[in-house]
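Worksheet: one structure, shown below.
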Amino acid sequence: MKYFKLLLPLSITVALVFILNHKQGKIPPIGKFINPFTGFWQNAEPMKWNDATENLCRLQQEATVVFDDRLVPHVFAKTDEDMYYLQGYITAKYRLFQMEISTYVAGGRLTEIVGEAGLESDRLMRRTGMVYGAEKAQEFIEQDTASSKLINAYCKGVNDYISSLSAKDYPIEYKLLDFKPEEWKPIKVALLLKYMANMLSIFEYDIENTNFTNKYGMEAFHKLYPDFIKDEDPIVPKGTEWNFKTQNSKSEVSLVPRPSSLAPHHLSLATHNPQLTTNLYPNALPKPDEITGSNNWAVSGTKTKSGKPILCNDPHLRLTLPSIWYEMQLVSPNMNVYGATLPGSPAVIIGFNDSIAWGVTNAGRDVRDWVQVSEVQLQQATKRKEVYKMKGGKDFTEEVNYTEFGPIVFDENFGKAKSKQYLAMRWIAHLPSNEFKTFYQMNKGKNHEDYLAALNEYTCPGQNFVFASRSGDIAIKEQGKFPIMTEQNRFVRSSENKLPWSEYIPSEHNPHVKNPARGFVSSANQHPTDSTYPYYYPGLGVYENYRNRRINQLLTEANGIDAEFMKKMHSDNYNLHAKEAVPVLLTLLDKSSLTDSQKNIISSLEKWNYFNNPEEVAPVYFEVWWNNLRTLLWDEMMHEDLPMKQPNFYTTVQLLATDSSLVFYDNESTPAKESRSDIVNLSFRAIEDTLKSKYFTEVSEPYGTDETYERKNNGSHDWGTYKATKVAHMIPGLDAFSALNVYNGGNLGIINATNSSNGPSWRMVVDFGEMKAYTIYPGGQSGNPGSKFYKNGVDVWAKGEYHNTTFAQQSADLNSNKLFSVTYKPKK
């Protein structure tokens with residue numbers, strides 16, 4: 001009955017959400033959606049779970065799947081093919097809509113579901129070469145018989161589950177959006193992995209950098225976007241000696257200096273390097289303002305209570321329901337592996353077996369280049385016809401031009417590009433690759449040598465793979481196919497520069513370290529190396545500068561570490577950014593003529609211990625002040641038609657502390673010439689107005705006279721309430737299927753990097769001393785919003801708690817926490 005009570009108001013909610021969000025397309029047949037025989041009523045979960053037997057026509061040998069008390073499937077199969085077949089079958093059973101909508105987005109096919117509302121997104125996906133890259137990957141995978149065989153087995157499992165469904169059995173989202181599942185082909189697996197690569201290839205700002213330098217000059221660029229900082233704490237410890245040399249090491253092409261004047265609104269079209277461009281570009285790929293990132297680390301037995309390594313990982317991604325991850329154990333005669341799988345793709349992506357554990361963070365390396373193509377080269381391009389099937393309307397067709405540099409993304413037909421401005425994008429993900437092979441080999445790996453061999457198969461996106469083994473080794477390696485670069489790769493290049501990537505850093509030269517003297521390895525999206533690394537790579541001004549230092553501080557100071565210490569580290573809310581910024585801001589603040597409420601704000605900040613715990617108020621004041629300040633300081637970089645990257649938090653604090661005359665302090669929207677002190681004080685005095693707009697409905701008097709304002713948000717403005725973390729359903733605006741106002745701490749730049757929409761999508765602690773693992777993610781195993789397993793992990797995750805995993809050697813090991821089991825037999 002609880003499920004039906006939940007869904008009674010949802011029939012109205014989902015209909016309204018669709019109409020409001022997709023007016024351009026065909027309105028879904030609401031009558032069919034609420035039909036008691038075929039509609040959402042049929043998605044009710046069984047009241048109790050029973051053991052069962054199923055016959056599957058493409059299963060080779062009998063297999064067993066035990067679902068534990070959290071609905072985690074433990075697959076016991078006699079061959080790898082059957083194991084992946086069942087992984088596909090079961091994943092489709094619980095996450096089919098999630099798998100499919102991700103490939104529709106990646107493949108530029110949203111118009112088939114939502115009509116014209118999806119066209120701009122679809123065109124961007126096609127023009128960036130998502131499908132092209134997936135096709136290249138699939139062609140490459142087919143040359144590897146073993147990989148192709150296993151991926152096809154997975155797809156067969158997905159398709160056999162789809163074939164077992166009638167319309168009434170479709171997940172509720174299909175009924176809401178009025179479409180049906182289609183065949184799951186190997187190209188969809190490749191496309192899904194390219195989609196992940198696209199999400200994680202965000203550390204390039206060539207267009208933004210070019211706009212900035214052409215407007216403000218190279219001197220200003222180097223000041224605001226330095227390659228390295230003074231507090232650098234890289235992945236490979238500073239001072240590490242490199243045991244290789246390269247002829248191309250740091251062979252930078254000199255850039256003819258542009259005017260160094262920092263006068264706002266100054267446009268420089270003067271002498272320039274002919275290999276770069278002098279244009280201003282109105283388009284850039286969408287990117288987050290600040291990178292949320294991920295953490296991983298491994299500690300050797302020299303620092304643990306047990307004398308054995310412990311490994312931790314928490315990748316930070318957009319928080320969604322269903323969760324981006326699906327927890328699973330896969331057992332065959334070749335492997336026994338447990339961890340986070342990516343719905344739609346075989347193997348475990350982050351996890352452990354009985355010998356090794358591994359985890360990943362984004363490397364942050366620039367793996368895209370932009371080139372302005374000439375009209376002559378445009379005429380020589382290969383035309384690729386793209387047809388967008390339009391639900392409820394006429395199909396849209398265009399030609400995408402593929403040049404020697406890559407597909408032309410922006411031109412006069414897409415975006416806001418000026419006439420004859422053709423921007424092509426070269427992306428590592430367009431190269432043939434087989435990332436599945438990396439994870440397949442890692443899943444059955446036994447030692448450090450196996451780990452390195454698996455990584456040699458990996459291409460894109462660049463990732464930091466942390467490693468620990470039961471035998472005692474720890475290691476970390478930044479892996480990917482990285483082109484040999486010079487500083488000009490930070491900018492849009494002219495097509496006169498006939499230098500498409502031709503050389504790549506050898507895999508054995510990628511930054512890596514094994515068993516360092518300090519007793520731990522770690523990464524948090526910071527620089528992989530110090531400035532002595534023999535190859536040049538762009539610093540970009542986006543590498544993390546806070547989480548990494550906090551992680552390394554805690555691990556350096558600690559000894560006798562156990563799993564409980566690691567769990568607490570995952571939830572550490574210490575705000576190193578605030579610790580370094582608040583004293584600077586308070587020093588620059590004019591404390592005369594303050595109101596009582598402003599004095600209270602200052603007092604709160606002065607007493608703050610810099611932990612962004614949910615019950616604290618000071619983090620709210622700092623967040624509002626900081627956001628106000630950045631808006632005033634970097635207003636020159638906020639023009640919609642001229643994308644630029646704002647300097648990162650660390651650089652901003654350093655400039656405020658050391659540079660009293662930076663011309664960017666002046667606000668271009670006012671006739672006055674503002675100083676550093678002016679913008680610090682203006683942003684501070686705007687705190688109250690910001691909080692009023694969020695928490696109060698105005699009547700007449702200023703903030704602070706409670707009887708004259710109507711309170712919003714239950715009368716609280718502590719950090720957890722202010723941040724109001726949302727774990728959103730994949731369909732935008734579908735709050736009824738989301739987890740709202742999740743109360744927790746953390747923020748950007750904090751180990752617990754949870755803001756309002758992003759955060760740790762999976763937390764894992766693997767302790768080889770206890771031979772135990774602990775996991776949690778903000779969601780649940782089921783993709784059915786009516787299931788008790790849909791979001792049962794959200795509150796556990798928010799509290800910083802974990803589930804004990806059951807790493808079974810055989811199905812009988814799960815008897816004490818079994819929910820139900822299914823015996824799968826080959827269909828005669």
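The values are calculated or read from the model by the stated rules, or taken from the named source; none is laboratory data. Predicted, not measured: the structure shown is a model, and the values here were computed from it. Using ideal geometry, Cβ is built from the backbone for each residue, glycine included, and neighbour counts are taken over all protein chains shown. Accessible surface is based on the protein model in full, side chains and every heavy atom, while ligands, DNA and RNA are left aside. Shrake-Rupley method; radii C 1.70, N 1.55, O 1.52, S 1.80 Å.
Using the structure shown, decide if Val620 is assigned to a helix (DSSP H, G or I), open to solvent by less than 50 Å² (accessible area, probe 1.4 Å), hydrophobic (A, V, I, L, M, F, W, C) and over 27 Å from Arg763 (Cα atoms).
When the stated conditions are applied, Val620 does not pass them.
Does Asp813 satisfy the condition of being in contact with a Ser or Thr (Cβ under 8 Å, 6 or more places away or on another chain) and without any contact (Cβ under 8 Å) to a residue 12 or more places away in the chain? Even if it seems obvious, please write down each step before you answer.
Numbers: in contact with a Ser or Thr (Cβ under 8 Å, 6 or more places away or on another chain): yes; without any contact (Cβ under 8 Å) to a residue 12 or more places away in the chain: yes.
Yes: the conditions hold for Asp813.
Give the residues of the range 74-110 that are under 20 Å from Pro343 (Cβ atoms), of a type in the set (D, E, K, R) and open to solvent by 10 Å² or more (accessible area, probe 1.4 Å), sorted by residue number.
Scanning the range 74-110 gives Asp80, Glu81, Lys93, Arg109.
Among Gly749, Gly786, which is the only one that is assigned to a loop (DSSP other than H, G, I, E, B) and surrounded by fewer than 22 Cβ atoms within 10 Å (Cβ to Cβ)?
Working: Gly749 fails: surrounded by fewer than 22 Cβ atoms within 10 Å (Cβ to Cβ).
After applying the criteria, what remains is Gly786.
Would you check if there is a residue in the range 764-771 being open to solvent by less than 10 Å² (accessible area, probe 1.4 Å) and of a type in the set (Gly, Ala, Ser)?
No: the range 764-771 contains no residue that is open to solvent by less than 10 Å² (accessible area, probe 1.4 Å) and of a type in the set (Gly, Ala, Ser).
Here is a list of conditions, (1) open to solvent by 10 Å² or more (accessible area, probe 1.4 Å); (2) assigned to a loop (DSSP other than H, G, I, E, B); (3) modelled with pLDDT of 95 or more, and Pro702 meets all of them except one; can you say which number that is?
Just one mismatch for Pro702, condition (3).
Any residue at all in the range 543-558 that is out of contact with any Phe, Trp or Tyr (no Cβ under 8 Å at 6 or more places or on another chain), basic (Lys, Arg) and within 30 Å of Arg676 (Cα to Cα)?
Yes, there is a match, as at least one residue in the range 543-558 is out of contact with any Phe, Trp or Tyr (no Cβ under 8 Å at 6 or more places or on another chain), basic (Lys, Arg) and within 30 Å of Arg676 (Cα to Cα).
Considering each residue of the range 199-226, count those that are within 28 Å of Ala475 (Cβ to Cβ) and open to solvent by less than 40 Å² (accessible area, probe 1.4 Å), and give that number.
From the range 199-226, those within 28 Å of Ala475 (Cβ to Cβ) are 199-204; that's our starting set.
Filter once more, keeping what is open to solvent by less than 40 Å² (accessible area, probe 1.4 Å): 200-204.
Summing the residues that are within 28 Å of Ala475 (Cβ to Cβ) and open to solvent by less than 40 Å² (accessible area, probe 1.4 Å) in the range 199-226 gives 5.
Do we find a residue being part of a loop (DSSP other than H, G, I, E, B), of a type in the set (Gly, Ala, Ser) and modelled with pLDDT under 95 anywhere in the range 570-584? Reasoning before the result, please.
As a first pass, look at the range 570-584 and keep what is part of a loop (DSSP other than H, G, I, E, B): 571-573, 575.
From what's left, of a type in the set (Gly, Ala, Ser): 571.
Pick out the ones that are also modelled with pLDDT under 95 and you get none.
Looking through the range 570-584, none of the residues is part of a loop (DSSP other than H, G, I, E, B), of a type in the set (Gly, Ala, Ser) and modelled with pLDDT under 95.
Within the set of pairs 6+ apart or on separate chains, which have a first residue in the range 558-575 that is within 16 Å of Trp762 (Cβ to Cβ), a second that is of a type in the set (A, V, I, L, M) and open to solvent by less than 40 Å² (accessible area, probe 1.4 Å), and C-beta atoms under 7 Å apart?
Every condition considered, the pairs that remain are Met566/Ile310; Met566/Val765; Lys567/Val765; Met569/Leu554; Met569/Ile751; His570/Ile751.
Have a look at Asn279, Asn273, Asn336 and point out the one that is at pLDDT 65 or above, part of a loop (DSSP other than H, G, I, E, B) and surrounded by 15 or more Cβ atoms within 10 Å (Cβ to Cβ). Full working, then the answer.
Working: Asn273 fails: at pLDDT 65 or above; Asn336 fails: part of a loop (DSSP other than H, G, I, E, B).
Every option except Asn279 fails the conditions.
Kindly indicate whether Lys791 is open to solvent by 10 Å² or more (accessible area, probe 1.4 Å) and within 16 Å of Pro322 (Cβ to Cβ). Talk me through it step by step, then tell me what you get.
Numbers: open to solvent by 10 Å² or more (accessible area, probe 1.4 Å): yes; within 16 Å of Pro322 (Cβ to Cβ): yes.
Yes.
Does Asp795 satisfy the condition of being under 17 Å from Phe76 (Cβ atoms), without any contact (Cβ under 8 Å) to a residue 60 or more places away in the chain and either among the charged types (D, E, K, R) or touching an Asp or Glu at 6+ places or on another chain (Cβ under 7 Å) (or both)?
Working: under 17 Å from Phe76 (Cβ atoms): no; without any contact (Cβ under 8 Å) to a residue 60 or more places away in the chain: yes; either among the charged types (D, E, K, R) or touching an Asp or Glu at 6+ places or on another chain (Cβ under 7 Å) (or both): yes.
Answer is no for this residue.
State all residues of the range 104-118 that are touching a residue at least 40 places away in the same chain (Cβ under 8 Å), in a helix (DSSP H, G or I) and not small (Gly, Ala, Ser); if no residue qualifies, say none.
Val105, Thr111, Glu112, Ile113, Val114, Glu116
Filter the range 789-827 for residues that are charged (D, E, K, R), in a loop (DSSP other than H, G, I, E, B) and within 20 Å of Val65 (Cα to Cα) and give the result.
Within the range 789-827, Lys827 is the sole residue that qualifies.
What pairs come up if the first residue lies in the range 54-73 and is within 16 Å of Tyr338 (Cβ to Cβ), the second is assigned to a loop (DSSP other than H, G, I, E, B) and hydrophobic (A, V, I, L, M, F, W, C), and their beta carbons are under 6 Å apart, counting only those six or more places apart or on different chains?
Note: pairs meeting the criteria are Leu71/Phe789.
Of all the residues that make up the range 383-392, how many are in contact with a helix residue (DSSP H, G or I) (Cβ under 7 Å, 6 or more places away or on another chain) and modelled with pLDDT of 95 or more? Before the answer, list the steps.
The initial filter retains those residues of the range 383-392 that are in contact with a helix residue (DSSP H, G or I) (Cβ under 7 Å, 6 or more places away or on another chain), namely 386, 388-392.
Right, trim to modelled with pLDDT of 95 or more and you get 386, 388-391.
Residues that pass the stated criteria total 5.
Condition first: open to solvent by 20 Å² or more (accessible area, probe 1.4 Å), part of a loop (DSSP other than H, G, I, E, B) and not hydroxyl-bearing (Ser, Thr, Tyr). Can you find one or more residues in the range 419-428 that meet it?
Filtering the range 419-428 down to residues open to solvent by 20 Å² or more (accessible area, probe 1.4 Å) leaves 419-420, 426.
Now restrict to residues that are part of a loop (DSSP other than H, G, I, E, B): 419-420.
Retained after the next criterion (residues that are not hydroxyl-bearing (Ser, Thr, Tyr)): 420.
Yes: one or more hits.
Give the residues of the range 487-527 that are closer than 20 Å to Ala424 by Cβ, open to solvent by less than 20 Å² (accessible area, probe 1.4 Å) and part of a loop (DSSP other than H, G, I, E, B), sorted by residue number.
Within the range 487-527, Phe491, Val492, Ser495, Asn497 meet the criteria.
Restricting to the range 343-389, what's the tally of residues that are acidic (Asp, Glu) and assigned to a loop (DSSP other than H, G, I, E, B)?
Let us first name the residues in the range 343-389 that are acidic (Asp, Glu), namely 354, 366, 369, 375, 386.
Next, only the ones that are assigned to a loop (DSSP other than H, G, I, E, B) stay: 354, 366.
Final tally of qualifying residues: 2.
In this structure, does Glu54 turn out to be at pLDDT below 95 and of a type in the set (Asp, Glu)? Give the steps one after another, and end with the answer.
Details: at pLDDT below 95: no; of a type in the set (Asp, Glu): yes.
No: the conditions fail for Glu54.
Has the range 681-690 got any residue that is open to solvent by less than 50 Å² (accessible area, probe 1.4 Å), without any contact (Cβ under 8 Å) to a residue 12 or more places away in the chain and out of contact with any strand residue (DSSP E or B) (no Cβ under 7 Å at 6 or more places or on another chain)?
At the first step, the residues of the range 681-690 found to be open to solvent by less than 50 Å² (accessible area, probe 1.4 Å) are 681, 683-684, 686-688, 690.
Those left that are additionally without any contact (Cβ under 8 Å) to a residue 12 or more places away in the chain: none.
The answer is no; no qualifying residue exists.
Quick test of your reading of the structure: Asn35 fulfils all but one of (1) within 29 Å of Phe179 (Cβ to Cβ); (2) open to solvent by 10 Å² or more (accessible area, probe 1.4 Å); (3) among the polar types (S, T, N, Q); (4) at pLDDT 95 or above. Name the failing condition by number.
Only one criterion in (1) within 29 Å of Phe179 (Cβ to Cβ); (2) open to solvent by 10 Å² or more (accessible area, probe 1.4 Å); (3) among the polar types (S, T, N, Q); (4) at pLDDT 95 or above is unmet by Asn35, namely (4).
Would you say Ala453 is among the small types (Gly, Ala, Ser), outside any loop (DSSP other than H, G, I, E, B), more than 30 Å from Asn401 (Cβ to Cβ) and modelled with pLDDT of 95 or more?
Yes; evaluated as a whole, the condition is true for this residue.
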